[in-house]
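Trainee: One structure, as structure tokens, below. Some questions next.
The values are calculated or read from the model by the stated rules, or taken from the named source; none is laboratory data. Every value quoted in this text rests on a predicted model; they were computed, and no experiment measured them. Cβ placement follows ideal geometry from the backbone for every residue including glycine, while neighbour counts extend to all protein chains displayed.
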Amino acid sequence: MGWTRIKQWGNDLLRIIYPEVCEICGTSLVTGEKILCLNCDLNMPRTKVHNDNFNIIHQRLAGSTPINKAASFFYYYKESDYATLIHQAKYNNRPYIAYHLAQKFAKELIGSNFFDGIDIILPVPLHFLKLIKRGYNQSVAIAKGISAITAIPVGDNLYARQQHSTQTRKNSYERWVNAQGIYAVKNPEELANKHVLIIDDVITTGATLLACCNAIHQAEPTATISVLSLSVTHLQ
């Protein structure tokens, strides 16, 4: 009996004892399903904005730093059950949710050539004190999920040089002010003439992503910048 068959039997036994369930509806997942059941996967409010050359993310990040490509997996509605995916991954010590969703999104993007030409993935960083407190960075989990499908390396050239208060409950201007001067590049020369993909979990006003884009553009103007997130909100 091969090791692969033994491992599969072990996984099947674990599913019987501790069944995995859909994060949205609670239905037991079957072999091949991860995080979401097929029905909830099909009903996810996908954005498909990567098909537009100047989409809502470009518009939200419009400024002094040019953004090449922009993609987001699904729309974030506060009242939606799908919003819990972001909260579980970010605050409830379940970064693997972000990892598996990122893999799913990357597989869907492969056919669109979105990743063509991208040299390195840089997740939005956490200040080291916040990282110690939380224990993980959900954006790193997303970046690793993308990398697992695309083989694009994940870097750590972007860092948070100071703490800032949470962006939750801040308006657009307050978020912009809160993110100013937070991020910096360790080794700008490593990004020279590179196409960088910046990763975040959710885009609201875009203040955090824009601050990261500006930091890279100011440190190394020859770098091309694209962005990707798991979700994006509709601003009122």
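Trainee: Just one of the numbered conditions (1) at positive phi; (2) in contact with a Leu (Cβ under 6 Å, 6 or more places away or on another chain); (3) at pLDDT 95 or above is not true of D201; which one?
Mentor: So D201 meets the others, but not (1).
Trainee: Filter the stretch 178-214 down to the residues that are more than 26 Å from A89 (Cα to Cα) and in a helix (DSSP H, G or I) and list them by number.
Mentor: Answer for the stretch 178-214, where residues must be more than 26 Å from A89 (Cα to Cα) and in a helix (DSSP H, G or I): P188, E189, E190, L191, N214.
Trainee: Moving on. Out of everything in the stretch 109-122 that is of a type in the set (A, V, I, L, M) and closer than 24 Å to Y82 by Cβ, what residue ends up being surrounded by the fewest Cβ atoms within 10 Å (Cβ to Cβ)?
Mentor: Filtering the stretch 109-122 down to residues of a type in the set (A, V, I, L, M) leaves 109-110, 118, 120-122.
Right, trim to closer than 24 Å to Y82 by Cβ and you get 109-110, 121.
Details: L109: 19, I110: 13, I121: 24.
Across the stretch 109-122, the extreme among qualifying residues is I110.
Trainee: Turning to a different aspect of this structure: Would you check if A106 is surrounded by 14 or more Cβ atoms within 10 Å (Cβ to Cβ), in contact (Cβ under 8 Å) with a residue 60 or more places away in the chain and within 28 Å of C22 (Cα to Cα)?
Mentor: Details: surrounded by 14 or more Cβ atoms within 10 Å (Cβ to Cβ): yes; in contact (Cβ under 8 Å) with a residue 60 or more places away in the chain: no; within 28 Å of C22 (Cα to Cα): yes.
Taking the combined requirement at face value, the residue does not satisfy it.
Trainee: Can you tell me how many residues within the stretch 107-132 are closer than 18 Å to I182 by Cα and assigned to a helix (DSSP H, G or I)?
Mentor: 5
Trainee: A further question follows. Can you name every one of the helices (runs of 4 or more DSSP H) wholly within the stretch 22-105 that holds 1 or more residues which are closer than 20 Å to A141 by Cβ, touching a Leu at 6+ places or on another chain (Cβ under 8 Å) and not small (G, A, S)? So that I can check it myself, show each step before the final result.
Mentor: Working: elements: 38-43, 56-60, 83-91.
In the stretch 22-105, 83-91 are the helices (runs of 4 or more DSSP H) which contain 1 or more residues that are closer than 20 Å to A141 by Cβ, touching a Leu at 6+ places or on another chain (Cβ under 8 Å) and not small (G, A, S).
Trainee: Turning to a different aspect of this structure: Only one residue in S112, S64, S80, S72 is assigned by TED's automatic domain parsing to the domain that holds P221 and without any contact (Cβ under 8 Å) to a residue 40 or more places away in the chain. Which one?
Mentor: Details: S112 fails: without any contact (Cβ under 8 Å) to a residue 40 or more places away in the chain; S64 fails: without any contact (Cβ under 8 Å) to a residue 40 or more places away in the chain; S72 fails: without any contact (Cβ under 8 Å) to a residue 40 or more places away in the chain.
Being assigned by TED's automatic domain parsing to the domain that holds P221 and without any contact (Cβ under 8 Å) to a residue 40 or more places away in the chain holds for just one of S112, S64, S80, S72, which is S80.
Trainee: Just the residues that are of a type in the set (S, T, N, Q) and crowded, with 21+ Cβ neighbours inside 10 Å, please, taken from the stretch 205-225. Please lay out each step first, then the result.
Mentor: First pass over the stretch 205-225, keeping only residues of a type in the set (S, T, N, Q): 205, 208, 214, 218, 222, 224.
Residue satisfying the conditions is T208 alone.
Trainee: Continuing with this model, one more query. Restricting attention to the stretch 126-150, which residues are buried (at least 18 other Cβ atoms within 10 Å of the Cβ) and either farther than 20 Å from V185 by Cα or at pLDDT 95 or above (or both)? Give the steps one after another, and end with the answer.
Mentor: Going through the stretch 126-150, the residues buried (at least 18 other Cβ atoms within 10 Å of the Cβ) turn out to be 126, 137-147, 150.
Within the stretch 126-150, N137, Q138, S139, V140, A141, I142, A143, K144, G145, I146, S147, T150 meet the criteria.
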